[in-house]
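Colleague: Before anything else, here's the structure in question.
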Amino acid sequence: MIKPIIVGNWKLNGTKKKIKKFLKLLSLFITKYNPKGTIIISLPIIYAYIIKNLSIFKKKKIFSGAQNVDNHILGSFTGEISPNMLNDMMIKYVIIGHSERRFNHKETNHVVANKFRLLKQENLIPILCIGETKQEKINNRIEEVCIKQIDIILNMCGTHAFDNSIIAYEPIWAIGSQNSATPSEVQYVAQFIRQYINFKSNYKIKNFFIQYGGAVTNKNVSELMSKEDIDGFLIGRSALEITEFIKIIKLINV
């Protein structure tokens, strides 16, 4: 992985026509400007094949990501997709623990940690979402919440768990809103996460990156990117419109 790492999370949006148009324009932009970093597009899984057909995918200038994975390898789990299936489809990056999964599908820290474990077994790269609610922020529990979500993975997967992994710090109160943590607030939490994981692992983690995933727009991306411990962004709403997405990439590359 090369930073900055930009992940476009389409969530439950898009049609074949819209996605093809988006990717065509993105391909033209990447071919012309050759922006630095790693660009990952996480479409609804049924559309992932569209990215695989792109020449820039074959040249490893763009990567396909998944928005979720099941916490089983195989079995009677109707409608689910396993880590080895994603690997078979050449999908390398997988978002897990997103607050929408935690709340809407009741995914616990244990379930998320098990997904992390299975992805690592398959040599896939987890994009682990962690972060606090508005009430937890008010109660000054940000560090406590992050520690709880990190420790369960370290306990399950061992001290090297976060090698070749990404954490997306997403303050839950900022997702889908016009609110965003200030660049200084994000830097503080990102630095805390990095230092805590290195301390708990008792060595310097390799190929470990921290993204910001709350209300990223072309208005705040430059200042956020200037912070030492912010390695990229997990982008939601702004990833759906090609003009907005390209603006963000350009600002990151200034």
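The values are calculated or read from the model by the stated rules, or taken from the named source; none is laboratory data. Here the structure is a predicted model, which means the values were calculated and not measured. Virtual Cβ from ideal backbone geometry, glycine too; neighbours counted across all protein chains shown. Ligands, DNA and RNA are excluded from the accessible area calculation, which covers all protein heavy atoms including side chains. Shrake-Rupley method; radii C 1.70, N 1.55, O 1.52, S 1.80 Å.
Colleague: If I ignore ligands, DNA and RNA and count only protein heavy atoms, how much of Ile175 is accessible to a 1.4 Å probe, in Å² to the nearest 10?
Modeller: Surface open to solvent at Ile175 totals about 40 Å².
Colleague: Turning to a different aspect of this structure: Using +1 at the C-beta of Lys and Arg and -1 at the C-beta of Asp and Glu, which of His110, Ile125, Ile142 has the Cα lying farthest in the positive direction of the dipole of region 94-148?
Modeller: Going by the Cα projections, it comes out as His110.
Colleague: Taking the Cα centre of region 199-254 as origin and charging only Cβ (+1 Lys, Arg; -1 Asp, Glu), how large is the dipole, in debye to the nearest 20?
Modeller: Numbers: 8 positive and 6 negative charges, 31 e Å.
Roughly 140 debye for region 199-254.
Colleague: Sticking with this one: Express in Å², to the nearest 10, the accessible area of Val216 obtained by rolling a 1.4 Å probe over the protein heavy atoms while all chains stay in place.
Modeller: Per-residue accessible area (Val216): approximately 10 Å².
Colleague: Any idea which of Ile19, Phe192, Asn164 is furthest toward the positive side of the dipole for the chain, if Lys and Arg beta-carbons carry +1 and Asp and Glu beta-carbons -1?
Modeller: Among Ile19, Phe192, Asn164, the one farthest towards the positive end of the dipole of the chain is Ile19.
Colleague: Over region 3-161, what is the mean sequence separation of C-alpha contacts under 8 Å (at least six apart), divided by residue count, expressed as relative contact order in percent?
Modeller: 17 percent
Colleague: Here's another thing I want to ask about it. Taking K and R as +1 and D and E as -1, what net charge do the other residues with C-beta under 11 Å from the C-beta of Ile252 add up to?
Modeller: Surrounding charge for Ile252 is +3.
Colleague: What does the charge count around Lys204 come to, taking other residues whose C-beta lies under 11 Å from its C-beta (Lys +1, Arg +1, Asp -1, Glu -1)? Walk me through the numbers before you get to the answer.
Modeller: On the way: positive: Arg194, Lys206; negative: Asp163.
Residues close to Lys204 contribute a combined charge of +1.
Colleague: Report, in debye and to the nearest 20, how large the dipole of the chain comes out about its Cα centre when Lys and Arg carry +1 and Asp and Glu carry -1 on their Cβ.
Modeller: My answer is approximately 1160 debye.
Colleague: Ordering Arg194, Arg117 by how much accessible area each has at a 1.4 Å probe, largest first, what is the list? Don't jump to the answer; show the numbers that get you there.
Modeller: Values: Arg194 45, Arg117 75 Å².
Highest to lowest solvent-accessible surface, that is Arg117, Arg194.
Colleague: OK, next. Which chymotrypsin sites (Phe, Trp or Tyr not before Pro) in region 174-254 pass both tests, a DSSP loop state and at most 12 other beta-carbon atoms within 10 Å?
Modeller: On the way: sites: Tyr188, Phe192, Tyr196, Phe199, Tyr203, Phe208, Phe209, Tyr212, Phe233, Phe245; in loops: Tyr203.
Listed in order of number, the matching sites are Tyr203.
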